[in-house]
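Chemist: Please see the structure below; I have some questions.
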Amino acid sequence: MNTLNFLTIEPKDHLVQPEEFAGITPDSPAATIFTDFREHAPPVINAEMTAVEAERLMSNEYVSLKLVVDSNREFIGLVTYEQLCSQNILKQVANGYSREEIKVTDLMIPRERVSAIDYSELNGSTIAELVATLKLHGEYFCLVVDKEEHHIRGVISASEIAKRLHVPVVIERSPTFAEIFIAIVK
């Protein structure tokens, strides 16, 4: 019987990630870049969780986006780490809420306002076309929906695309009328 030798992990030894070896380019199929919920569990968070707890959880998990689900585990919205930041919580506190009573649902994007792309359309597109679509609509992320099966199939994130392509993906979001109005009134 042959025994194996234990090694010491040297400081220069690097923890590899799958995306380092994927060989993704802007001309690669767009379907190669999305997080497919048939292969990966969706990143979910309970709607009843407080915003402070959710921010801590997402920080500890190093994730920037969670799908908000109700008690039946049905999708009701989406929340980003940015939405849970202290500034947004302080705005709610200024409106009379205590930090402990602010829920994820108070800060999330409701289901009706979440952008999505049809899975069949995604399959016929390139990553460059996907990035152009995100830029055109000023969206940092979108869901992928299989319209035939009525499944929320996955998520696409501009930051994940940037990480996998090793290039910046700059999304410029147009301000909403409400944001312009608030800026003018101040």
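The values are calculated or read from the model by the stated rules, or taken from the named source; none is laboratory data. Keep in mind it's a predicted model, so treat the numbers as computed, not measured. Positions of Cβ are backbone-derived with ideal geometry, glycine not excepted, and every protein chain shown enters the neighbour counts. What goes into the accessible areas is simple: the full protein's heavy atoms, side chains included, and nothing from ligands, DNA or RNA. Shrake-Rupley method; radii C 1.70, N 1.55, O 1.52, S 1.80 Å.
Chemist: If we count every other residue with Cβ under 10 angstrom of residue 54's Cβ, Lys/Arg +1 and Asp/Glu -1, where does the sum land? It would help to have the intermediate numbers written out before the result.
Modeler: Details: positive: 56, 66, 103; negative: 53, 55.
Within the 10 Å Cβ shell, the charges total +1.
Chemist: Where in the range 86-117 does the amide nitrogen come within less than 19 Å of the point 7 Å from the Cα of residue 56, taken along Cα to Cβ?
Modeler: It comes to 86-90, 93, 98-107, nothing else.
Chemist: Something else about it: If Rh is defined by the Kirkwood formula over all Cα pairs and Rg also comes from Cα, what ratio Rg/Rh do you get for the chain? If you can, show how the numbers build up before the last one.
Modeler: Working: Rg = 19.7 Å, Rh = 18.8 Å.
In the chain, Rg relative to Rh is 1.05.
Chemist: Related question: What size of dipole, in debye to the nearest 20, comes out for the chain about its Cα centre when the only charges are +1 on Lys and Arg C-beta atoms and -1 on Asp and Glu C-beta atoms? If you can, show how the numbers build up before the last one.
Modeler: Working: 17 positive and 28 negative charges, 97 e Å.
Here the size comes out at about 460 debye.
Chemist: What is the set of long-range amide H partners of residue 115 at a cut-off below 5 Å, with H atoms built 1.01 Å from backbone N?
Modeler: Amide H neighbours of residue 115: 143.
Chemist: When DSSP beta bridges are limited to those with both residues in the chain, what percentage is antiparallel, rounded to the nearest 5? Spell out each step's value before the answer.
Modeler: On the way: 17 of 23 bridges.
Beta bridges within the chain, antiparallel portion: roughly 75 percent.
Chemist: Kirkwood Rh and Cα-based Rg: tell me the resulting Rg over Rh for the range 12-107, rounded to two decimals.
Modeler: Working: Rg = 17.0 Å, Rh = 15.5 Å.
Looking at the range 12-107, the ratio lands at 1.09.
Chemist: Beyond 12 Å, what share of the Cα-Cα pairs of the range 1-55 is found? Please give it as a whole percent. Write down the numbers at each step before the final one.
Modeler: On the way: 1216 of 1485 pairs.
It works out to 82 percent of all Cα pairs.
Chemist: Hey, another quick one. Using the structure shown, list the pairs from 103/135; 66/147; 12/66; 103/147 with a Cα-Cα distance above 25 Å, or answer none.
Modeler: On the way: 103/135 30 Å; 66/147 22 Å; 12/66 33 Å; 103/147 31 Å.
With Cα atoms farther than 25 Å apart: 103/135; 12/66; 103/147.
Chemist: Now, a different point. Ignoring ligands, DNA and RNA, what accessible area per residue does the range 1-109 give at 1.4 Å, in Å²? Don't jump to the answer; show the numbers that get you there.
Modeler: Values: 7680 Å² over 109 residues.
Here the residues of the range 1-109 average 70 Å² of exposed surface.
Chemist: Rounded, prolate or oblate, given the Cα gyration tensor of the range 61-124, with a/c below 1.5 counting as rounded?
Modeler: On the way: a/c = 2.54, a/b = 2.09, b/c = 1.22.
The shape class here is prolate.
Chemist: First compute the accessible area of the chain with a 1.4 Å probe, then give the percent of it belonging to carbon and sulfur atoms.
Modeler: Details: 6870 of 12780 Å².
Here carbon and sulfur together make up 54 percent of the probe-accessible area.
Chemist: Tally Lys and Arg at +1 and Asp and Glu at -1 over the other residues with C-beta under 13 Å from the C-beta of residue 70: what net charge comes out? Please report the intermediate quantities before stating the final value.
Modeler: Numbers: positive: 73, 103, 111; negative: 48, 74.
Here the charged neighbours net out to +1.
Chemist: A follow-up question, please. Based solely on its DSSP helices, what 222 nm [θ] is calculated for the chain when runs of n ≥ 4 H residues each add -39,500 (n - 2.57) and the sum is averaged over all residues, nearest 500 deg cm²/dmol?
Modeler: Values: 7 runs with 57 residues, N = 186.
So the calculated ellipticity at 222 nm is -8500 deg cm²/dmol.
Chemist: Could you give me the ³J(HN,Hα) list for the range 91-102, computed from phi with Karplus coefficients 6.51, -1.76, 1.60 and θ = phi - 60°, whole Hz, x at Gly and Pro?
Modeler: After applying 6.51 cos²θ - 1.76 cosθ + 1.60, I find 4, 5, 4, 4, 8, x, 8, 8, 3, 6, 9, 6 Hz.
Chemist: Pop out the ³J(HN,Hα) list for the range 60-71 in order, Karplus 6.51 cos²θ - 1.76 cosθ + 1.60 with θ = phi - 60°, rounded to Hz; leave Gly and Pro as x.
Modeler: So the Karplus estimates, Gly and Pro as x, are 5, 8, 6, 10, 10, 8, 9, 8, 8, 10, 7, 5 Hz.
Chemist: Between 130, 65, 57, find the one with the highest GNM mean-square fluctuation for the chain; connect C-alpha pairs within less than 10 Å.
Modeler: Maximum among the listed residues: 57.
Chemist: Also, quick follow-up: For the range 27-39, what does the Karplus curve 6.51 cos²θ - 1.76 cosθ + 1.60, with θ = phi - 60°, yield as ³J(HN,Hα) per residue in whole Hz, taken in order and with x for Gly and Pro?
Modeler: Values, residue by residue: 8, 5, x, 4, 5, 6, 9, 8, 7, 8, 6, 7, 10 Hz.
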